Amino acid sequence: GYVRQIEVVGDNVWYTTSTGRMYHSTDKGYNWVVYNTPVPDFGGAITSSSSGNFSFSSATDGLIIDNNGVVYRTTNSGANWTTVSTSGPVYTQGLCFIEGSNTAFSTGGGSSYSQDGGTTWSLIDTEQHLYVDFIDTTTGWSGWFNMDDTTGGMWKWQELDPNASLAELENANFVLYPNPTSGQIYVAVDDKLIGKHFVVRNALGQILSEGTSICG
């Protein structure tokens, strides 16, 4: 078994192994059953492309993301896994399927989130993240390679109150520059828009970019 790859939801405990198997206990570790998974080795010791991460949101519902970005889902505690047909960016360094929800976050050479159990993923950023964990759908952290007196080597998720009124959002300020442009475009937003999904379209209505605002 791998030290880092241990998952706990209530009395349920899971851990993964170097032969791609998953052990599951429903009584805090007194008794165990073992399942096969689609991942050959969760630590990647067999080949560099064989590793994976897993996370459970309940006693039965879980996700695996392998090192190729393929997403698998189980609804029976890990006994069987089904490949998920995904859209959007999926990262392979860290995974958190938030307990009691249908929301998952993936991290790596960027970060993304899914609100439908791992099918549709929305880009958050393209910064370097390590592992990620959430205590609920609005509070979470990920590790960061960079560390100085300002950043401290950690990311913390920040999300605007979902109950904010439409009037508050209509009064929010943003600046888009340079405009026109044939390359990169920057959008600076105030605090009212942090954590909101955005879509940038051209004059023909075609989507050029979309994601979630993460800073003001």
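The values are calculated or read from the model by the stated rules, or taken from the named source; none is laboratory data. These figures come from a predicted structure and were not determined experimentally. No Cβ is skipped: glycine too gets one built from the backbone with ideal geometry, and neighbour counts run over all protein chains shown. Areas reflect the complete protein model, heavy atoms only, side chains present, ligands, DNA and RNA absent. Shrake-Rupley method; radii C 1.70, N 1.55, O 1.52, S 1.80 Å.
When SER58 is tested against (1) modelled with pLDDT of 95 or more; (2) open to solvent by 60 Å² or more (accessible area, probe 1.4 Å), just one condition goes unmet, and that condition is (2).
From GLY62, GLY78, GLY29, GLY43, which residue is of a type outside the set (Ser, Thr, Tyr) and either in contact with a Leu (Cβ under 8 Å, 6 or more places away or on another chain) or over 22 Å from ASP11 (Cα atoms) (or both)?
Values: GLY62 fails: either in contact with a Leu (Cβ under 8 Å, 6 or more places away or on another chain) or over 22 Å from ASP11 (Cα atoms) (or both); GLY78 fails: either in contact with a Leu (Cβ under 8 Å, 6 or more places away or on another chain) or over 22 Å from ASP11 (Cα atoms) (or both); GLY29 fails: either in contact with a Leu (Cβ under 8 Å, 6 or more places away or on another chain) or over 22 Å from ASP11 (Cα atoms) (or both).
From the options GLY62, GLY78, GLY29, GLY43, the qualifying one is GLY43.
Residue pairs whose Cβ atoms lie under 7 Å apart, separated by 6 or more positions or on different chains, with the first residue in the range 5-21 and surrounded by fewer than 15 Cβ atoms within 10 Å (Cβ to Cβ) and the second modelled with pLDDT of 95 or more and among the charged types (D, E, K, R), are ASP11/ASP27; ASP11/LYS28.
Using the structure shown, decide if TYR2 is over 22 Å from SER114 (Cβ atoms), touching a strand residue (DSSP E or B) at 6+ places or on another chain (Cβ under 8 Å), at pLDDT below 95 and open to solvent by 20 Å² or more (accessible area, probe 1.4 Å). In short, yes. At least 1 residues being crowded, with 21+ Cβ neighbours inside 10 Å is the threshold, and among the strands (runs of 3 or more DSSP E) wholly inside the range 67-144 those reaching it are 71-74, 94-97, 104-107, 111-114, 121-125, 132-136, 139-143.
For the range 103-120, give me each residue that is touching an Asp or Glu at 6+ places or on another chain (Cβ under 8 Å) and either closer than 14 Å to THR86 by Cβ or at pLDDT 95 or above (or both).
Step one: of the range 103-120, the residues touching an Asp or Glu at 6+ places or on another chain (Cβ under 8 Å) are 110-111, 117.
Scanning the range 103-120 gives a single hit, GLY117.
For the range 1-51, a residue qualifies if it is within 13 Å of GLY78 (Cα to Cα), among the β-branched types (Val, Ile, Thr) and in a loop (DSSP other than H, G, I, E, B), and the qualifying residues are THR26, THR37, VAL39.
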